[in-house]
Amino acid sequence: MSASLPPDLRVLCRKLTSIPPAQLPHALPSLINHVLHCKEPLSTPHEQKPKDKSTEASQLVHKLKASVTTLLNGRNRDARFAAIGLIKAMVDVGGWEVLRGTEPWKADPIASKELAIVTLTKIYMLVHPYQTLVREIATPTIPAFITAGVALIKKSSSGEPPKTPFSVIETICDAFSALIPLYPATFRPFASQLRTATRAYLAPTQADDYVIPSSLTRASRRLVITLHHVAAKSGGSDEWAKLVGNLLKEFHATADQILRAVDESWDGSNGYTRSKVALDGEPFGGGSSSDSLPEWSGISAGTDRLVGLFQYLSDCIRYPTKAPVTIPTSSLVDAASRVFLIARLSPKSQTWDQALQTNGAIGREEKEELWSLIPDIHITALRFLQVLFQRLGQNTIALVPETLDHLVRVVKSGINLPAVRTTGYSVLKDILELAGPTLSKPSVDMLEALLGACCRDLQQDAGHLKETKKPIASSTDSKKNSLAANADLFLNPQGSVVDETPTLEPEHKAAAAALLIIVPSRLPQQHLKPSLRGLVDQTAILTRNRDAMVSSVLNPFKDQRGRVYPSILPHLTQQFPDDRDLEMLRTNLRAGTQVLADGEAPLEELPVELEEEEEDEEMGDAATDDKIAPETNEDLFKPGTLSAVPQAEKSLPIQSNPFEHKPTADGEARHRAASPPKRKHEGTDPTPPKRQVREKASSPVRTVAAPAAVQEDEDDDDDESVHLNMELEDDEEEDDDE
């Protein structure tokens, strides 16, 4: 075995004994790299106490473990930190052979503690499939591990915040969340302690004594939600439902306080109703018990709590559960509807006091503060519904009409805020991907304002749409405000004016572009207005959105009368000429059209043998008939051509095939000369003339093969009409003589 022994093992043992302890943290990346190269000797079974005659590999592995143990038990902090990092790497590489020689965790400085938490968590996760190791390592040591972790994250008895850094508390919460599903029975006695310790991090507000990072808030919520795994037998579903029910009660209690300035039109359902609150003093909520969230006071703090509760409910839906649970969908959507109804339908012409019925007992300051915070609540509620749609998928199709109504109302209310539009675009995209083709025409018409705002944002960001300039003040107003004018305007009036092109944030631009892509493919095109579809195609071209242009080409627009509008394939070809997908798209479209063989002339250019006299005679009649019915063979084979289009509709563009053969001027002249003219028959012949067979021909070959027969029939008709005219003239002369 020594022949295949990697040199890294000898180098590693030598460096651990030669490098000074103070320099070990700097050399840790190199040492870990050596450990990763020693997978074979570390994972091979060896004797715990090697004898003199044992192999060299066993001796080196034992020496490595002894060196790491010496560093871990030493007094130097740097050496202990490096030892914990090496243990983590050795556990990942060696597996079972290293796990059976691990030591219990001991106290150390905070950096070493955080690294030890990660290392022990990895060890406990790896030993879980082995019942022997669980019995010998995990079961005896995990209780001490939990007790030490709880001591680090809980507050002191005097109410002061813990001295542990928030990053370490987040690491502890993540570690416990990963271990609870694996060792639920071991964590069961500590469930109440964990809820109490993390209570201050679940839904923080401005009223708290310190600022809680959002990452710690998510980690603590995940830990509390995961605690339903520790319930005995099949009680996990009940524990999860109890948690969601308590959050909904807390939400409506908070909303009663925050929205007390508004006479709400929302009617409670599913057991949740509005309650009367005191109108004097500031809004307040929360409690001091272990089951309730911390206390808060003020509109801003209450808004933070309301936002935090929406996020808490989103996490409850997002994270996996121990067993199947019943999601109270109706209650969750009803909670979101309560805040969606607090909105303005016409924000440009309405103030909040005009749009809503307010409570006269509440002061103006509280109302104005509430109006300023409503958009934040709307954004969080929209994201909550987005999580619900993403998690439940097709099961939420029945909620789409109501959700779209709320979405449009909220976006119109805060249309001037980029954050509201960004969230609206993202939520609408997910809804259209799920249930877009099932929308009715009223629902599609309702989205016109939102889609128009999306196109406007993208065009402004691309520099193709400038903001409207503010009206210039009159001379009278300028004289009144001359004292307050900027002196720089008098020094350089033209140079001081700078045209600033508004730019979108990356998240805002990405959400708008993603929504633009799915409009042609996920919305029923027969319900879409031509002007709106044209705006979508125009925006895709101006912003060079390749995916949106491809989606438009693959989903051509058809109006209610079945007419196909022009394709933007030429623009796509011009902007992306080297795209491989575009070449495949062009090939497929070309294969779907009528392609003539090499050397074969098109239908309108095929020669028709007629006598010169009859041709001259009929061309005169054809000139008159063309004024009445200017329909040619070329029109018959054009895709999307209508037989009769009203005068008011002639301005609308009709789809033209970019791969269709277009005849030249000479070809059109020959076609008009060769085409049999249209004639009017004065007789009441019950059988239609054979010329109509040419118009109804199913293939071009049959149409071209019939001109001789048609000409003979028309000659007979001409002879009959001449004899009829002669007989009528003779009858008139006889009447005159009489």
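Details
- Verdict on SER237 being assigned by TED's automatic domain parsing to the domain that holds GLY287, more than 18 Å from SER167 (Cα to Cα) and surrounded by fewer than 20 Cβ atoms within 10 Å (Cβ to Cβ): yes
- Of all residues in segment 413-448, those satisfying the criterion of being more than 18 Å from the chain's Cα centre (by Cα) and within 20 Å of GLN386 (Cα to Cα) are SER413, GLY414, ILE415, LEU417, THR438, LEU439, SER443, VAL444, MET446.
- Selection within segment 518-529 - in a helix (DSSP H, G or I) and buried (at least 21 other Cβ atoms within 10 Å of the Cβ): VAL519, PRO520
- Criterion (under 23 Å from ARG344 (Cβ atoms), among the β-branched types (Val, Ile, Thr), in the same structural domain as ILE299 (by TED's automatic domain parsing) and out of contact with any Gly (no Cβ under 8 Å at 6 or more places or on another chain)) met by exactly one of VAL244, VAL262: VAL262
- For the residues SER237, SER275, the requirement of being small (Gly, Ala, Ser) and in a helix (DSSP H, G or I) singles out SER237.
- When we screen SER288, SER314, SER297 for residues that are farther than 16 Å from GLU366 by Cα and out of contact with any helix residue (DSSP H, G or I) (no Cβ under 9 Å at 6 or more places or on another chain), the only hit is SER288.
Here is a yes/no grid of residues against (1) part of a helix (DSSP H, G or I); (2) more than 26 Å from HIS128 (Cβ to Cβ); (3) out of contact with any Phe, Trp or Tyr (no Cβ under 9 Å at 6 or more places or on another chain):
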{"position": "LEU182", "(1), (2), (3)": "no, no, no"}
{"position": "PRO189", "(1), (2), (3)": "yes, no, yes"}
{"position": "LEU194", "(1), (2), (3)": "yes, no, no"}
{"position": "THR205", "(1), (2), (3)": "no, yes, no"}
{"position": "LEU216", "(1), (2), (3)": "yes, yes, no"}
{"position": "ARG221", "(1), (2), (3)": "yes, no, no"}
{"position": "LEU227", "(1), (2), (3)": "yes, no, no"}
{"position": "ALA241", "(1), (2), (3)": "yes, yes, yes"}
{"position": "PHE251", "(1), (2), (3)": "yes, yes, no"}
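- Residue count for segment 253-267 satisfying the condition of being in contact (Cβ under 8 Å) with a residue 24 or more places away in the chain and either of a type in the set (D, E, K, R) or part of a loop (DSSP other than H, G, I, E, B) (or both): 7.
- SER288 meets all of the listed conditions (1) buried (at least 16 other Cβ atoms within 10 Å of the Cβ); (2) over 36 Å from the mean Cα position of the chain (by Cα); (3) of a type in the set (Ser, Thr, Tyr) but one, namely (1).
- Where GLY245 falls short, out of the listed (1) part of a helix (DSSP H, G or I); (2) over 18 Å from PRO328 (Cβ atoms): (2)
- Here THR303 clears all of (1) out of contact with any helix residue (DSSP H, G or I) (no Cβ under 9 Å at 6 or more places or on another chain); (2) closer than 20 Å to ILE342 by Cα; (3) at pLDDT 90 or above except the condition numbered (1).
- Filter result for THR326 (of a type in the set (S, T, N, Q) and more than 23 Å from HIS228 (Cβ to Cβ)): no
Residue by residue, here is whether (1) touching a residue at least 24 places away in the same chain (Cβ under 8 Å); (2) surrounded by fewer than 18 Cβ atoms within 10 Å (Cβ to Cβ); (3) not assigned by TED's automatic domain parsing to the domain that holds GLY268 holds:
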| site | (1), (2), (3) |
| --- | --- |
| PHE340 | yes, no, no |
| PRO347 | yes, yes, no |
| SER372 | no, yes, no |
| LEU385 | yes, no, no |
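- Matching helices (runs of 4 or more DSSP H) fully within segment 43-158 where at least 1 residues are at pLDDT below 85: 56-73, 77-94, 96-99, 110-127
The values are calculated or read from the model by the stated rules, or taken from the named source; none is laboratory data. If you're wondering where the values come from, they're calculated on a predicted model, not measured in any experiment. All Cβ positions, even for glycine, are placed from backbone atoms using ideal geometry, and neighbour counts span all protein chains on display.
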